[in-house]
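Trainee: Input: one structure, supplied below.
Just so it is clear, none of the values below were taken in a lab; they were calculated from the coordinates. Just so it is clear, the structure is predicted and the values come from calculations on it, not from any experiment. Positions of Cβ are backbone-derived with ideal geometry, glycine not excepted, and every protein chain shown enters the neighbour counts.
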């Protein structure tokens, strides 16, 4: 697990897209999707399971397992119609509104790209990261 105490500088999605579109594979891509996860005030339990204990999130401690993330990226790249995958994850102590992650997927058609984005973000969130909400 990474264990940085300070958060990282967020990437430029414009630069990511410029780089992706400059790749020879871009000629096969008809769509790019970007996911930007941010630290929200509403606790995950309330949003996901409807459990409201009256608390609010004030920050988050975030870490990830780089090898697991790389494996998830590699698996996503094998999906039908996917030609570009890029991931950035923050780390350390995050505040409300801070970026948690960026994921960029490029592929041939919308259903392939949507499926790949859903697959990769779910895999990262459930198998590769540790998020500790601070209330």
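Trainee: On C-alpha positions alone, give me the angle between the axis of helix 110-123 and the longest principal axis of the chain, in degrees, nearest 10.
Mentor: Approximately 40 degrees, to the nearest 10.
Trainee: Please give the peptides 12-18, 112-118 ranked by average Cβ packing (other Cβ atoms within 10 Å per residue), highest first, as a rough proxy for protection. Before the final figure, lay out the partial values.
Mentor: Working: 12-18: 12.6, 112-118: 18.7.
Top of the packing list down: 112-118, 12-18.
Trainee: Hey, another quick one. Treat each spin label as a single point 7 Å out from the Cα along the C-beta direction, and report the residue 132 to residue 42 distance in nm.
Mentor: A separation of 2.6 nm, rounded to one decimal place.
Trainee: Follow-up question, since we're still on this one. Using the Cα gyration tensor of the range 46-97, with a ≥ b ≥ c the square roots of its eigenvalues, what is the shape: rounded (a/c below 1.5), prolate (a/b larger than b/c) or oblate (neither)? Show your work: numbers first, answer last.
Mentor: Details: a/c = 3.14, a/b = 1.90, b/c = 1.66.
Here the range 46-97 falls in the prolate category.
Trainee: Further question on the same structure: With n ≥ 4 as the cut-off for DSSP H runs, can you work out [θ] at 222 nm for the chain, using -39500 (n - 2.57) per run divided by the number of residues, rounded to the nearest 500?
Mentor: Working: 4 runs with 42 residues, N = 135.
After summing the helix terms and dividing by the residues of the chain, the value is -9500 deg cm²/dmol.
Trainee: Could you give log10 I(q)/I(0) at q = 0.22 Å⁻¹ for the chain, computed by the Debye formula over C-alpha point scatterers of equal weight, without solvent?
Mentor: Calculated log10 I(q)/I(0) at the listed q: -1.29.
Trainee: By how many nm would the segment from residue 34 to residue 22 grow when fully extended, if each residue of separation counts as 0.36 nm and the alpha-carbon distance is taken off?
Mentor: Working: separation 12, 0.36 × 12 = 4.32 nm, distance 1.71 nm.
2.6 nm is the gain from fully extending residue 34 to residue 22.
Trainee: State the extension gain, in nm to one decimal, for the chain segment bounded by residue 49 and residue 74, taking 0.36 nm per residue of separation less the distance between their alpha-carbons.
Mentor: Numbers: separation 25, 0.36 × 25 = 9.00 nm, distance 3.06 nm.
Answer, rounded to one decimal: 5.9 nm.
Trainee: Compute the angle between helix 13-22 and the longest alpha-carbon principal axis of the chain, please, reported from 0 to 90 degrees and rounded to the nearest 10.
Mentor: Value to nearest ten degrees: 20.
Trainee: Let me ask something else. Could you work out how far helix 66-77 tilts from the main Cα principal axis of the chain, as a 0 to 90 degree angle to the nearest 10?
Mentor: 40 degrees
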